[in-house]
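The values are calculated or read from the model by the stated rules, or taken from the named source; none is laboratory data. Just so it is clear, the structure is predicted and the values come from calculations on it, not from any experiment. Backbone-built Cβ (ideal geometry, glycine too); neighbour counts: all protein chains shown.
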């Protein structure tokens, strides 16, 4: 059997107006999801704000926990989960991710998809995702089935409730120390 590897799912709450509005509906503590291939969260990807000051300009983003949106919102709270996977699954996920990276400019934010989640009707566009849909899509296209629903209906709360994810850290994102884990 191949040695297991880990990928990390970061769920955050920046406290922005947008996340507070989503939170009023979801009642969930975290309303943004990202995926990383390292415990330090250096390779962190999602769909969200392209610029910290403009919530309307969204799309595929490589996030940085020290700069950008997370730096603008230093009181961001988070949970970090570890998902054990095979090296083959990691390779598949990275291949899917590189499709997004190579064509990052053509992707937009699927705002209507969030409404679709609320009414339990998937709203999908070929080049448009919201954060948890993107994370679920990476997993789904890699053969990792954590839910019996379409990626376009997966929420950060669904990620949080998956039995395959192991809690690594909960607290302020600015206080996360991967070496201590």
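Being touching a helix residue (DSSP H, G or I) at 6+ places or on another chain (Cβ under 8 Å), at pLDDT below 90 and assigned to a strand (DSSP E or B), is that true of even one residue in the range 73-83?
Checked against the condition, which is being touching a helix residue (DSSP H, G or I) at 6+ places or on another chain (Cβ under 8 Å), at pLDDT below 90 and assigned to a strand (DSSP E or B), the range 73-83 yields no hits at all.
Could you tell me whether any residue of the range 85-98 is in a strand (DSSP E or B) and within 16 Å of residue 138 (Cα to Cα)? Steps first, please.
Quick first cut of the range 85-98, residues in a strand (DSSP E or B) only: 85.
Going one step further and asking which of them are within 16 Å of residue 138 (Cα to Cα), we end up with 85.
The answer is yes; a qualifying residue exists.
Return the residue satisfying two criteria in turn: it lies in the range 102-115 and is under 18 Å from the mean Cα position of the chain (by Cα) and assigned to a helix (DSSP H, G or I), and of such residues it is farthest from residue 21 (Cα to Cα).
Taking the range 102-115 first, the residues under 18 Å from the mean Cα position of the chain (by Cα) are 104, 107-115.
When the remaining residues are screened for being assigned to a helix (DSSP H, G or I), the result is 104, 111-115.
Working: 104: 27, 111: 13, 112: 15, 113: 15, 114: 12, 115: 12 Å.
The extreme case among them is 104.
Kindly list, by first and then second residue, each pair from a residue in the range 34-56 that is free of Cβ contacts under 8 Å to residues at least 40 places away in the same chain to a residue that is assigned to a loop (DSSP other than H, G, I, E, B) and surrounded by fewer than 16 Cβ atoms within 10 Å (Cβ to Cβ), limited to pairs with Cβ atoms under 8 Å and residues at least 6 apart or on different chains.
Between residues of the range 34-56 that are free of Cβ contacts under 8 Å to residues at least 40 places away in the same chain and residues that are assigned to a loop (DSSP other than H, G, I, E, B) and surrounded by fewer than 16 Cβ atoms within 10 Å (Cβ to Cβ), the close pairs are 36/42; 36/43; 44/64.
Kindly list the number of the only condition in (1) closer than 19 Å to residue 115 by Cβ; (2) surrounded by 19 or more Cβ atoms within 10 Å (Cβ to Cβ) that fails for residue 20.
Going through (1) closer than 19 Å to residue 115 by Cβ; (2) surrounded by 19 or more Cβ atoms within 10 Å (Cβ to Cβ) one by one, residue 20 breaks only (2).
Take the residues in the range 49-86 that are farther than 27 Å from residue 179 by Cα and touching a strand residue (DSSP E or B) at 6+ places or on another chain (Cβ under 7 Å), then tell me which one is surrounded by the fewest Cβ atoms within 10 Å (Cβ to Cβ). First the steps, then the outcome.
In the first step, residues of the range 49-86 are kept if they are farther than 27 Å from residue 179 by Cα; the result is 49-60.
Adding the requirement that they be touching a strand residue (DSSP E or B) at 6+ places or on another chain (Cβ under 7 Å) leaves 49-51, 55, 57-60.
Details: 49: 23, 50: 17, 51: 13, 55: 16, 57: 11, 58: 23, 59: 19, 60: 23.
Restricting to residues being farther than 27 Å from residue 179 by Cα and touching a strand residue (DSSP E or B) at 6+ places or on another chain (Cβ under 7 Å), the top hit is 57.
Any residue in the range 158-168 that is assigned to a helix (DSSP H, G or I) and without any contact (Cβ under 8 Å) to a residue 60 or more places away in the chain?
Yes, that holds for at least one residue.
When the range 146-163 is examined, which residues are found to be over 16 Å from the mean Cα position of the chain (by Cα) and within 16 Å of residue 8 (Cα to Cα)? Reasoning before the result, please.
Kept after step one, since they are over 16 Å from the mean Cα position of the chain (by Cα), are these residues of the range 146-163: 148-149, 163.
If the condition is that a residue be over 16 Å from the mean Cα position of the chain (by Cα) and within 16 Å of residue 8 (Cα to Cα), then 163 is the only one that fits.
With 174, 132 as the choices, which residue is buried (at least 19 other Cβ atoms within 10 Å of the Cβ), modelled with pLDDT of 90 or more, part of a helix (DSSP H, G or I) and at negative phi?
Values: 174 fails: buried (at least 19 other Cβ atoms within 10 Å of the Cβ).
Answer to the check: 132.
State the number of residues belonging to the range 145-171 that are within 13 Å of residue 30 (Cβ to Cβ), surrounded by fewer than 16 Cβ atoms within 10 Å (Cβ to Cβ) and at pLDDT 95 or above. Reasoning before the result, please.
Step one: filter the range 145-171 for residues within 13 Å of residue 30 (Cβ to Cβ), giving 155-161, 165, 167, 169-171.
Add one more test, that the residue is surrounded by fewer than 16 Cβ atoms within 10 Å (Cβ to Cβ), and what stays is 161, 167, 170-171.
Cutting the leftovers down to at pLDDT 95 or above gives us 167, 170-171.
Matching residues across the range 145-171 total 3.
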